[in-house]
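*Asks:* Sharing a structure with you now.
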Amino acid sequence: MNSYDILRRPIITEHSMEPVFDREGNEIKKYTFEVPQSVNKIEIKKAVEEVFGVKVAKVNTMNFTGKLKRMGRNEGRRPSWKKAVVTLAADSKTIEFFEM
């Protein structure tokens, strides 16, 4: 699996794009991606560093189970997925893809 297969798509919502500040008032560079459920944090870190040319400080992951949905009598389930929140190092450059 190559780096572009690991990073399926960026998650761009109001909450994920909201700036986060530390205690000193510096902005923390956090970016959110949808990734396959089979990858781990080390693989995600290597993929982000390779694709965007940045230095990753930390990776947090969350697993989401698919919701149960119904259409009349038929019922099914949305697919389960995994979200990765990548925090860049303080001396790293930003990812231009997310800039507004």
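The values are calculated or read from the model by the stated rules, or taken from the named source; none is laboratory data. Source: prediction; values computed, not measured. Don't worry about glycine lacking a Cβ; one is built from the backbone with ideal geometry, like all the others, and counts go over all protein chains shown. Heads up: the accessible areas ignore ligands, DNA and RNA and are worked out on the full protein's heavy atoms, side chains in. Shrake-Rupley method; radii C 1.70, N 1.55, O 1.52, S 1.80 Å.
*Asks:* Output yes when any residue across segment 63-71 is in a helix (DSSP H, G or I) and among the aromatic types (Phe, Trp, Tyr), and no when none is.
*Replies:* Of the residues in segment 63-71, the ones in a helix (DSSP H, G or I) are none.
No: segment 63-71 contains no residue that is in a helix (DSSP H, G or I) and among the aromatic types (Phe, Trp, Tyr).
*Asks:* Would you confirm, using the coordinates I've provided, whether Glu50 is within 17 Å of Phe97 (Cα to Cα), in contact with a Pro (Cβ under 9 Å, 6 or more places away or on another chain), touching a residue at least 40 places away in the same chain (Cβ under 8 Å) and not in a loop (DSSP other than H, G, I, E, B)? First the steps, then the outcome.
*Replies:* On the way: within 17 Å of Phe97 (Cα to Cα): yes; in contact with a Pro (Cβ under 9 Å, 6 or more places away or on another chain): no; touching a residue at least 40 places away in the same chain (Cβ under 8 Å): yes; not in a loop (DSSP other than H, G, I, E, B): yes.
Taking the combined requirement at face value, the residue does not satisfy it.
*Asks:* Output the residue which, of all residues in segment 14-29 that are of a type in the set (A, V, I, L, M, F, W, C) and farther than 12 Å from Ala90 by Cβ, is most open to solvent (accessible area, probe 1.4 Å). Working first, answer last.
*Replies:* Pass one, segment 14-29, residues of a type in the set (A, V, I, L, M, F, W, C): 17, 20-21, 28.
Pick out the ones that are also farther than 12 Å from Ala90 by Cβ and you get 17, 20-21.
On the way: Met17: 52, Val20: 57, Phe21: 122 Å².
Applying the filter and picking the extreme gives Phe21.
*Asks:* Which residue is farthest from Asn2 (Cα to Cα), if the candidates are limited to segment 21-39 and must be assigned to a loop (DSSP other than H, G, I, E, B) and in contact (Cβ under 8 Å) with a residue 40 or more places away in the chain? Explain how you work it out, then say what you get.
*Replies:* Filtering segment 21-39 down to residues assigned to a loop (DSSP other than H, G, I, E, B) leaves 22-26, 29, 36-39.
With in contact (Cβ under 8 Å) with a residue 40 or more places away in the chain added as a condition, the list becomes 26, 29, 36-37, 39.
Values: Asn26: 33, Lys29: 24, Pro36: 12, Gln37: 15, Val39: 11 Å.
That would be Asn26.
*Asks:* Oh, and also: Looking at segment 80-95, which of its residues are in contact with a Lys or Arg (Cβ under 9 Å, 6 or more places away or on another chain) and surrounded by 12 or more Cβ atoms within 10 Å (Cβ to Cβ)?
*Replies:* Going through segment 80-95, the residues in contact with a Lys or Arg (Cβ under 9 Å, 6 or more places away or on another chain) turn out to be 81, 84-95.
The answer is Trp81, Ala84, Val85, Val86, Thr87, Leu88, Ala89, Ala90, Ser92, Lys93, Thr94, Ile95.
*Asks:* Output the number of residues of segment 68-79 satisfying the condition of being open to solvent by 50 Å² or more (accessible area, probe 1.4 Å) and either touching a strand residue (DSSP E or B) at 6+ places or on another chain (Cβ under 7 Å) or aromatic (Phe, Trp, Tyr) (or both). Outline the logic, then answer.
*Replies:* Step one: of segment 68-79, the residues open to solvent by 50 Å² or more (accessible area, probe 1.4 Å) are 68-75, 77-79.
Then drop every residue that is not either touching a strand residue (DSSP E or B) at 6+ places or on another chain (Cβ under 7 Å) or aromatic (Phe, Trp, Tyr) (or both), which leaves 68-69, 75, 77-78.
The qualifying residues number 5.
*Asks:* Being over 12 Å from the mean Cα position of the chain (by Cα) and of a type in the set (Phe, Trp, Tyr) is true for just one of Phe33, Phe21. Which residue is that?
*Replies:* Working: Phe33 fails: over 12 Å from the mean Cα position of the chain (by Cα).
Just one listed residue meets the conditions, Phe21.
*Asks:* Another question, then. Working only within segment 1-13, note down all residues that are part of a strand (DSSP E or B) and more than 18 Å from Ser92 (Cβ to Cβ).
*Replies:* So the first thing to find is which residues in segment 1-13 are part of a strand (DSSP E or B), and the list is 9-10.
Correct list: Arg9 only.
*Asks:* Could you tell me which numbered condition Ile42 fails, if it satisfies all but one of (1) of a type outside the set (Gly, Ala, Ser); (2) exposed (fewer than 13 other Cβ atoms within 10 Å of the Cβ); (3) more than 21 Å from Asn2 (Cα to Cα)?
*Replies:* For Ile42, the exception is condition (3).
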